[in-house]
């Protein structure tokens with residue numbers, strides 16, 4: 001696991017204001033597909049709102065993103081809910097796995113989620129209400145979690161941003177083209193420009209929001225260069241498996257909890273046809289399509305936040 005020096009502002013210098021949000025760490029086991037016992041490791045998460053509030057919203061980011069993408073949503077929800085935003089293994093400030101192939105063992109992601117839920121529930125004397133908000137990969141984890149029979153606490157409501165039970169091969173090939181690269185940049189400005197270019201499908205974010213995302217996505221190296229704050233080995237699945245459509249309709253049809261699906265109108269990951277089928281199968285989701293956005297709505301813009309807020313609190 002690499003060491004990270006600090007957060008930084010748009011010029012790459014230390015910024016105390018940005019560092020105000022504390023990040024907590026939880027020791028979790030490391031299940032593995034090879035049957036070998038692996039060392040435990042830490043996942044990182046932010047914790048918003050009152051720890052006495054028994055309405056807990058867990059937020060999980062996309063493939064190469066991190067928990068700080070949810071700062072805007074968490075600020076909006078924190079007066080009504082406790083909001084936990086977690087870094088998936090190998091991303092953000094969570095530990096990297098020792099063995100590359102373990103990133104391809106999907107029960108590990110589920111294990112991390114269940115361990116986090118159990119940890120949070122242990123802090124209360126009564127059973128909490130858990131809602132799950134996931135962007136892309138985070139939404140898939142939530143979907144699979146929602147159908148598990150023996151959770152410490154069941155998922156109450158599910159929000160899935162631009163993801164569904166059919167992920168087209170073409171979209172997977174596009175993602176595979178950049179995930180796993182480890183580009184380096186001479187300064188923070190170059191890093192931010194590259195991040196904006198590969199993330200244009202997120203939609204019309206403000207410069208403040210792009211700055212926020214870039215600040216928390218960047219890792220500064222000892223030689224003064226900048227790179228992404230995730231383990232490039234997370235792309236292992238694209239390397240060892242044939243890339244083809246991912247079909248999870250069998251799992252979706254088991255989902256019965258209230259579900260909100262946000263679809264970027266220009267998305268190549270969640271098609272309009274798949275979204276329509278999600279309205280009549282499984283959870284019979286409430287689908288909202290967002291103009292001018294591709295993959296994926298980042299839940300930073302006020303309209304998107306309001307949609308999620310109304311669903312969670314309604």
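The values are calculated or read from the model by the stated rules, or taken from the named source; none is laboratory data. The model shown is predicted, which means the values in this text are computed figures rather than measured ones. We place every Cβ from the backbone using ideal geometry, glycine too, and count neighbours over all the protein chains shown.
Observations, loosely collected:
- Test: residue 259 is at pLDDT 95 or above, touching a strand residue (DSSP E or B) at 6+ places or on another chain (Cβ under 9 Å), farther than 20 Å from residue 57 by Cα and surrounded by 15 or more Cβ atoms within 10 Å (Cβ to Cβ): no
- Top-ranked residue in the range 107-132 [being free of Cβ contacts under 8 Å to residues at least 40 places away in the same chain and under 15 Å from the mean Cα position of the chain (by Cα); ranked as surrounded by the most Cβ atoms within 10 Å (Cβ to Cβ)]: 109
- Looking only at the range 50-71, and only at residues there that are over 10 Å from the mean Cα position of the chain (by Cα) and either without any contact (Cβ under 8 Å) to a residue 24 or more places away in the chain or farther than 13 Å from residue 132 by Cα (or both), the one that is surrounded by the fewest Cβ atoms within 10 Å (Cβ to Cβ): 52
- Selection from the range 276-305 of residues that are surrounded by fewer than 20 Cβ atoms within 10 Å (Cβ to Cβ) and more than 20 Å from the chain's Cα centre (by Cα): 276, 277, 279, 280, 281, 284, 286, 291, 292
Okay, residues lined up against (1) crowded, with 22+ Cβ neighbours inside 10 Å; (2) on the phi < 0 side of the Ramachandran plot; (3) over 18 Å from the mean Cα position of the chain (by Cα):
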site	(1), (2), (3)
138	yes, yes, no
144	no, yes, no
150	no, yes, yes
176	no, yes, no
182	no, yes, yes
190	no, yes, yes
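- Residue check for residue 15: surrounded by fewer than 17 Cβ atoms within 10 Å (Cβ to Cβ) and modelled with pLDDT of 85 or more: no
- Scanning the range 155-174 for residues that are in a helix (DSSP H, G or I) and surrounded by 14 or more Cβ atoms within 10 Å (Cβ to Cβ) returns 171, 172, 174.
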